[in-house]
Amino acid sequence: MAVIEQLTSQQAIELEDKYGAHNYHPLPVVLSRGEGVYVWDVEGKKYFDFLSAYSAVNQGHCHPKIVNAMTSQAQTLSLTSRAFYNDMLGRYEKFASEYFNFDKLLPMNTGAEAVETALKICRKWAYEKKGIAENQAEIIVCENNFHGRTTTIISFSNDPVARKNFGPYTDGFIKIAYDNLEALETALKNNPNVAGFLVEPIQGEAGVYVPTEGYLAKAKALCEAYNVLFIADEVQTGIARTGRLLATCGNCSCEKKNCSGTPDVKPDVLILGKALSGGAYPVSAVLANDDIMSVIRPGNHGSTFGGNPIAAAVAMAALEVVEDESLAENAFQLGELFRSELNKYIETSKIVSLVRGRGLLNAIVINDSEDSDTAWNICMALRDNGLLAKPTHGNIIRFAPPLVMTKEQLLECVAIITKTLKEFE
């Protein structure tokens, strides 16, 4: 094998700029290695990772159990397509279905694919089980949502950057305010063609907006009253990130899974991705019970790579790590500590107005306008001080480290964050 030439950070950035489509605006740091809560750039500088690949690397970078499962399976059988059975998919489907307490799993690769899959299942269920006239089904979504960037998904986004010049858009969606039960009930009451309610338990990309206590349970009760599917997009909030196995919880045994907090609500349709593989491989899934999933039949939906043997092996290992290492419990405890420590700083801060979140999914709001570059500049200074984070929506900085972080590491990171913020006071 040829030796790969070592690039400098500037060379790597220039290559992407010249040969890659400009669909991202990365923080200027070029990473080449990761382990646990740390990443290193090509020059060898070490950083705390406080983004975790948007919560995909909950189990930490290059977790040995996950890497071993991936490499072992890759050396045995990598892909068959679904034209044939393989000896790993059924094991994974059984393992994950029982893990999250559902009857069936439909395997996909990416979070956006899983959301699209859930939308298709919901519509087909509406026509075949609820009795809505064909092509009349509507799905309620929330303002400021983020479910991906496919054509259908951006059709119900209100992010102008994601939407502009990508029309015409897909019909069939009703947009309401997030965390507003009255708006949800009005939409349900006034439209017999509503098939589902798609919601993020916490709106991550919008700035880690945590809904009012009890919102999800009451929203589920309204969906039940109107015979509408409650669809939870837990691509970012799932797999222990918020201090529970799922942010909705209610569909797991907290004693078995070492979750923290009271079980809340079981979705009718659960969407998972990102940390379902520990960030080692693209794996996503939609889970539902037989009365819903039975509407999917041969030819209705598929993916060449969805459910491949590597994905199956990786996902099982990733979920075992979550349970074996009590990552939900760790996220709950460290999240409480993180917000407590940040609030001590915020009491006298002029630059930060608040910190919010659940578990180790948190954000601080910078006391500046959304169109300012203050949050970006703070993230650049954090980088210089050895911690990587990224702004969202202009004046919000999201903090989401790997869940394998220790208390000592977290306190070291809090010190870096507060030291950096003081530079901007």
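Yes/no matrix, rows are residues, columns are (1) touching a helix residue (DSSP H, G or I) at 6+ places or on another chain (Cβ under 9 Å); (2) farther than 30 Å from residue 179 by Cβ; (3) hydrophobic (A, V, I, L, M, F, W, C):
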residue	(1), (2), (3)
74	yes, yes, yes
97	no, yes, no
104	yes, yes, no
119	yes, no, yes
132	yes, no, yes
140	yes, no, yes
147	yes, no, no
150	yes, no, no
157	yes, no, no
**Message:** If I filter segment 111-118 for residues that are free of Cβ contacts under 8 Å to residues at least 40 places away in the same chain, assigned to a helix (DSSP H, G or I) and within 23 Å of residue 320 (Cα to Cα), do I get at least one hit?
**Reply:** no
**Complete:** How many residues of segment 88-118 are under 17 Å from residue 246 (Cα atoms) and among the small types (Gly, Ala, Ser)? The answer is 4
**Prompt:** Restricting to segment 54-88, what's the tally of residues that are exposed (fewer than 14 other Cβ atoms within 10 Å of the Cβ), touching a residue at least 40 places away in the same chain (Cβ under 8 Å) and over 29 Å from residue 403 (Cα atoms)?
**Reply:** 4
**Prompt:** Before we move on, is residue 273 at pLDDT 95 or above and surrounded by 17 or more Cβ atoms within 10 Å (Cβ to Cβ)?
**Reply:** yes
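Let's see how each residue does on (1) among the hydrophobic types (A, V, I, L, M, F, W, C); (2) surrounded by fewer than 16 Cβ atoms within 10 Å (Cβ to Cβ); (3) not assigned by TED's automatic domain parsing to the domain that holds residue 51:
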| residue | (1), (2), (3) |
| --- | --- |
| 343 | no, yes, no |
| 361 | yes, no, no |
| 366 | yes, no, no |
| 369 | no, yes, no |
| 373 | no, yes, no |
| 379 | yes, no, no |
| 392 | no, no, no |
| 399 | yes, no, no |
**Message:** So for segment 139-161 (the condition being over 25 Å from the mean Cα position of the chain (by Cα) and either assigned to a helix (DSSP H, G or I) or in the same structural domain as residue 273 (by TED's automatic domain parsing) (or both)), does at least one residue qualify?
**Reply:** no
**Asked** Looking at 120, 104, 94, which one is surrounded by fewer than 15 Cβ atoms within 10 Å (Cβ to Cβ) and modelled with pLDDT of 95 or more?
**Response** 94
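The values are calculated or read from the model by the stated rules, or taken from the named source; none is laboratory data. Given the structure is predicted, the values throughout are model-derived calculations rather than measurements. Cβ atoms come from the backbone with ideal geometry, glycine included; neighbour counts cover every protein chain shown.
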